[in-house]
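This report refers to the structure that appears directly beneath it.
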Amino acid sequence: MRTAVRETLEDKCPPTESHAVTATDRSIELVTTAAQAAADKLAHDIVAYDVSDVLSITDAFLLASAPNDRQVKSIVDEIEERLSKELGAKPVRREGDREARWVLLDYVDIVVHVQHSEERVFYALERLWKDCPELDLPEDAKATRGKAAEHAKLREAEEATGPGGEWR
């Protein structure tokens, strides 16, 4: 199943000559607010792509990840609450809540993907949409780039040491 999804998505955003952002102002406003909300809940590797030239169903994708299911859910809840309170936006669809490994929030203008770090690596959505223009995000969101790799190194170091910080 995973391989079929990956193969189906790979040709969705063909290389283009222009990398001009064509997403609407409303879409950019939604992405910016959602990205800040995700950053406030310590999401990792927040990035947004303008997919409006290659998809007719939405203008932008926002991607974020977290190292555990509980944090994925917390990030999703914060994004949903912030977009509702600040911009009056409610998702038309919310999928993946039960497992909290990959939660999708569809706001029509934008689609938010919050993934567990393992799903983020496996599906590599950035690779799929790399030829689409990247949207500018708040500084707090930009600062999350590389946090997943940093977190993985810390976990490896913790697992390599025994109780009391001694090496095993």
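For Ile46, the residues whose modelled amide H falls within less than 5 Å of its own, excluding neighbours fewer than 5 places apart on the same chain, are Thr144, Arg145.
Each residue of region 97-113 is assigned a 3J(HN,Hα), and the resulting list reads 4, 4, 8, 6, 9, 8, 9, 10, 10, 9, 9, 6, 5, 9, 10, 9, 10 Hz, derived from the Karplus form 6.51 cos²θ - 1.76 cosθ + 1.60 (θ = phi - 60°), x at Gly and Pro. Exposure proxy shown here: for Val114, Val76, the number of other Cβ atoms within 10 Å sets the order, fewest to most, as Val76, Val114. Pairs with C-alpha atoms separated by more than 23 Å, drawn from the list Lys85/Lys130; Lys90/Lys130; Lys41/Lys90; Lys41/Lys142; Lys73/Lys142, are Lys85/Lys130; Lys90/Lys130. Neighbour counts of other Cβ atoms within 10 Å put Glu29, Glu95 in the fewest-to-most order Glu95, Glu29.
Every number in this text was worked out from the coordinates using simple rules, so none of it is lab data. The shown structure was predicted, so the numbers you read here are calculated from the model rather than taken from an experiment. Quick reminder, even Gly has a Cβ in these numbers, built from the backbone with ideal geometry, and neighbours come from all protein chains shown.
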